[in-house]
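Student: One structure is given below, represented as structure tokens, and several questions about it will come after.
The values are calculated or read from the model by the stated rules, or taken from the named source; none is laboratory data. These figures come from a predicted structure and were not determined experimentally. Virtual Cβ from ideal backbone geometry, glycine too; neighbours counted across all protein chains shown. For the accessible areas, the whole protein counts, side chains as well, though only heavy atoms, and no ligand, DNA or RNA atoms are used. Shrake-Rupley method; radii C 1.70, N 1.55, O 1.52, S 1.80 Å.
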Amino acid sequence: MPSRKFAEGEVVRGRWPGSSLYYEVEILSHDNKSQLYTVKYKDGTELELKESDIKKPFGNSVAVYNGEPEHVEKNATPHKNKQERVILSAEDSYITTQYSLRPRREEVKAKEIESEEQNLVTKGPSPLGTFQVSTPQRKDLEFGGIPGVSFIMLGLPACVLLLLLQCGQKDPRLLSLPPPLPALHELWETSVCGLYLLWFFVQALFYLLPVGKVVEGTPLVDGRRLKYRLNGLYALILTSAAVGTAVFWGIELHYLYTHFLQLALAATGFSVVLSVYLYVHSLKAPRDELSPASSGNAIYDFFIGRELNPRLGAFDLKFFCELRPGLIGWVVINLVMLLAEMKIQERSAPSLAMILVNIFQLLYVVDALWNEEALLTTMDIIHDGFGFMLAFGDLVWVPFTYSLQAFYLVNHPHELSWPLASVIIALKLCGYVIFRCANSQKNAFRKNPSDPKLAHLKTIHTSTGKSLLVSGWWGFVRHPNYLGDLIMALAWSLPCGFNHLLPYFYVIYFTALLIHREARDEHQCRRKYGLAWEKYCQRVPYRIFPYIY
């Protein structure tokens, strides 16, 4: 189906047939066969117009009403006036001579504002060798603004440390008092830091291998589309081969378990250093390469990320960190915990609970790497910059908290019966089917809305040129992929039993994360799609967390 430019209910400018005058009209409907829009003029006249006879309103256009200029906001709701208003633009300056040719005050003011904005971008050479860039200040800062992100940056490393210390206790209660901190030499060891750096750079080497297809990302502000090599699954296979070879040669992987806390702190230190580098690197980035989420405040931008796509040549730092060191590291850590359980509990084979945790989470990682291209359309890639939030999340939070169930089972075994295991497996598969089908449907639609396989899906067209799915999985509930994620998270934790709440920390955290993400997505979509989003909410009223926000 050909893409539409205008959405139903959108207020635009429509050309009166047989003339060069454009009037304010409302889009009523669109005929896919004839490609004609039915529009309604201010006097109630309804006509069919071609797409070429319709133009979008723009912020500094001028309406002439009773001979006096009146400022018209973009997408403004039409006023119910008896007399018609004529929308004039620079494109239509030739159409008539009955209006004054003198510059209008609003047009002069618009040119002054445009000139000031251009001056902000190119004030002159800076000490960094580029143009001085002024980042626009955003008023709607997320995560509680400056105080919120400051608390998060201090609290997240402390939370990881607390969780790992609690999990090592004989009675690992999530709500009990934290254990005393170990001595400094037990928290830091140079050899462990070197081991983590080796891991990071080996994964970087795998990323640079000329294997896997190259795809283009979403268009940037300047129209460019960056290229990405998709070889994450090859990196996982090579890593598995390297780990298998190490085990075959008798290298003791138990070392990673006994130095797990030190490894987490080494990763934390590296993520902080990387975040500092990313912020300094962003100071030399042109304005059009900055993240839409950046604010102009140093603290907030250090957290959220100032530059959208920081690169070293063709090496994309954000795309690499999203799925490689942390996600593949999560799989390796789970394997280490499986071997540690066998050694500490003197078992000839791992427990059924440990096997399920490893298989469930391995499936999740393989799925992410198999569908690596889908990452290019996520908010992390197209909206958020690369700063402390993603660096710490990718390199520390994912591998060291997502593996908490396996870490817990090493010293707190739980014997699982096969009937109960069957129920947990069924729950996991149910969650995975919802997660994968919803994501696949969304990604296929984003990639090619005209795909004949998607012709049965109903959509709502938006003023951005994109459409919103209102049938299939996305007509059942908003963000069905989040629902599948939550079900899978519960299935990961159930093999650990119910003796303690600690293995269910991930479920608690993931619920809070999904609440935030869903609220964030709702806010972004409402601002981006406007009236079309209101219609979508009427068509799909159900949410995963309907009473929380």
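Student: State whether one or more residues within the stretch 251-269 are under 23 Å from F386 (Cα atoms) and at pLDDT below 85.
Tutor: no
Student: Do you know which residues across the stretch 312-326 are open to solvent by 20 Å² or more (accessible area, probe 1.4 Å) and touching a residue at least 60 places away in the same chain (Cβ under 8 Å)?
Tutor: Selection gives A314, F315, E322.
Student: Being open to solvent by 20 Å² or more (accessible area, probe 1.4 Å) and in a helix (DSSP H, G or I) is the requirement here; does V410 meet it?
Tutor: No.
Student: Looking at the stretch 493-508, which of the residues that are closer than 12 Å to L404 by Cα and within 23 Å of the chain's Cα centre (by Cα) is surrounded by the fewest Cβ atoms within 10 Å (Cβ to Cβ)?
Tutor: Step by step, filter the stretch 493-508, then rank; the result is V507.
Student: Sticking with this one: Name the pairs: first residue in the stretch 350-375 and under 14 Å from L429 (Cβ atoms), second residue open to solvent by 10 Å² or more (accessible area, probe 1.4 Å) and at pLDDT 95 or above, Cβ to Cβ under 8 Å, at least 6 apart or on different chains?
Tutor: So the pair list comes out as L356/I425.
Student: Kindly establish whether P219 is more than 26 Å from V332 (Cα to Cα), out of contact with any strand residue (DSSP E or B) (no Cβ under 9 Å at 6 or more places or on another chain), modelled with pLDDT of 80 or more and surrounded by 11 or more Cβ atoms within 10 Å (Cβ to Cβ).
Tutor: Spelling it out, P219 is indeed more than 26 Å from V332 (Cα to Cα), out of contact with any strand residue (DSSP E or B) (no Cβ under 9 Å at 6 or more places or on another chain), modelled with pLDDT of 80 or more and surrounded by 11 or more Cβ atoms within 10 Å (Cβ to Cβ).
Student: While we're on this one: Filter the stretch 246-291 down to residues that are assigned to a helix (DSSP H, G or I) and more than 30 Å from E186 (Cα to Cα) and give me whichever is least open to solvent (accessible area, probe 1.4 Å).
Tutor: That would be S282.
Student: Taking the stated definitions as given, is R446 in a helix (DSSP H, G or I) and open to solvent by 50 Å² or more (accessible area, probe 1.4 Å)? Walk me through how you get there before you give the answer.
Tutor: Details: in a helix (DSSP H, G or I): yes; open to solvent by 50 Å² or more (accessible area, probe 1.4 Å): yes.
The answer is yes for R446.
Student: Condition test on L490, is it among the aliphatic types (A, V, I, L, M), open to solvent by 40 Å² or more (accessible area, probe 1.4 Å) and either within 23 Å of A444 (Cβ to Cβ) or not in a helix (DSSP H, G or I) (or both)?
Tutor: In short, no.
Student: Consider Q203 carefully, then state whether it is over 29 Å from G385 (Cα atoms), surrounded by 12 or more Cβ atoms within 10 Å (Cβ to Cβ) and either touching a Ser or Thr at 6+ places or on another chain (Cβ under 8 Å) or without any contact (Cβ under 8 Å) to a residue 40 or more places away in the chain (or both). Reasoning before the result, please.
Tutor: Values: over 29 Å from G385 (Cα atoms): no; surrounded by 12 or more Cβ atoms within 10 Å (Cβ to Cβ): yes; either touching a Ser or Thr at 6+ places or on another chain (Cβ under 8 Å) or without any contact (Cβ under 8 Å) to a residue 40 or more places away in the chain (or both): yes.
It is false that Q203 is over 29 Å from G385 (Cα atoms), surrounded by 12 or more Cβ atoms within 10 Å (Cβ to Cβ) and either touching a Ser or Thr at 6+ places or on another chain (Cβ under 8 Å) or without any contact (Cβ under 8 Å) to a residue 40 or more places away in the chain (or both).
Student: Which condition breaks for R436 when tested against (1) among the charged types (D, E, K, R); (2) out of contact with any Asp or Glu (no Cβ under 7 Å at 6 or more places or on another chain); (3) within 29 Å of K528 (Cβ to Cβ)?
Tutor: Unmet for R436, out of (1) among the charged types (D, E, K, R); (2) out of contact with any Asp or Glu (no Cβ under 7 Å at 6 or more places or on another chain); (3) within 29 Å of K528 (Cβ to Cβ): (2).
Student: Just wondering, is there one or more residues in the stretch 335-342 that are assigned to a helix (DSSP H, G or I), closer than 25 Å to L513 by Cβ, out of contact with any strand residue (DSSP E or B) (no Cβ under 8 Å at 6 or more places or on another chain) and open to solvent by 10 Å² or more (accessible area, probe 1.4 Å)?
Tutor: So in the stretch 335-342, the residues assigned to a helix (DSSP H, G or I) come out as 335-342.
Restricting the remaining residues to those that are closer than 25 Å to L513 by Cβ gives 337.
Checking which are out of contact with any strand residue (DSSP E or B) (no Cβ under 8 Å at 6 or more places or on another chain) leaves us with 337.
With the extra rule that they be open to solvent by 10 Å² or more (accessible area, probe 1.4 Å), the set shrinks to none.
So far as the stretch 335-342 goes, no, none of its residues is assigned to a helix (DSSP H, G or I), closer than 25 Å to L513 by Cβ, out of contact with any strand residue (DSSP E or B) (no Cβ under 8 Å at 6 or more places or on another chain) and open to solvent by 10 Å² or more (accessible area, probe 1.4 Å).
Student: Oh, and also: Mind checking which residues of the stretch 5-22 are more than 29 Å from T459 (Cβ to Cβ) and among the small types (G, A, S)?
Tutor: Scanning the stretch 5-22 gives G18, S19, S20.
Student: Would you tally the residues in the stretch 192-223 being out of contact with any helix residue (DSSP H, G or I) (no Cβ under 9 Å at 6 or more places or on another chain) and of a type outside the set (G, A, S)?
Tutor: Step one: list which residues in the stretch 192-223 are out of contact with any helix residue (DSSP H, G or I) (no Cβ under 9 Å at 6 or more places or on another chain), which gives 198, 201, 205, 208, 210, 214, 219, 223.
Applying the additional criterion that residues be of a type outside the set (G, A, S) yields 198, 201, 205, 208, 210, 214, 219.
Residues meeting the conditions: 7.
Student: OK, next. Within 23 Å of the chain's Cα centre (by Cα), modelled with pLDDT under 80 and open to solvent by less than 100 Å² (accessible area, probe 1.4 Å), is that true of T130?
Tutor: no
Student: Of the residues that sit in the stretch 351-391 and are open to solvent by 30 Å² or more (accessible area, probe 1.4 Å) and outside any helix (DSSP H, G or I), which one is nearest to N231 (Cα to Cα)?
Tutor: Filtering the stretch 351-391 for residues that are open to solvent by 30 Å² or more (accessible area, probe 1.4 Å) and outside any helix (DSSP H, G or I), the one nearest to N231 (Cα to Cα) comes out as N371.
Student: Collect the residues in the stretch 163-176 that are within 35 Å of the chain's Cα centre (by Cα) and either part of a loop (DSSP other than H, G, I, E, B) or of a type in the set (A, V, I, L, M, F, W, C) (or both), keeping them in residue-number order. Write out each step before concluding.
Tutor: Residues of the stretch 163-176 within 35 Å of the chain's Cα centre (by Cα): 163-168, 172-176.
Scanning the stretch 163-176 gives L163, L164, L165, C167, G168, P172, R173, L174, L175, S176.
Student: Within the stretch 4-43, work out how many residues are under 14 Å from K56 (Cβ atoms) and open to solvent by 60 Å² or more (accessible area, probe 1.4 Å).
Tutor: Total meeting the criteria: 3.
Student: Now for a separate question. I'd like the full set of residues that are more than 19 Å from N443 (Cα to Cα), assigned to a helix (DSSP H, G or I) and within 23 Å of the chain's Cα centre (by Cα), limited to the stretch 201-232.
Tutor: Q203, A204, Y207
Student: On to the next question. Looking only at the stretch 373-389, decide whether some residue is of a type in the set (S, T, N, Q) and under 25 Å from R520 (Cβ atoms).
Tutor: The answer is yes; a qualifying residue exists.
Student: What residue, among those in the stretch 449-484 that are of a type in the set (A, V, I, L, M) and assigned to a loop (DSSP other than H, G, I, E, B), is surrounded by the most Cβ atoms within 10 Å (Cβ to Cβ)?
Tutor: Out of the qualifying residues, it is L457.
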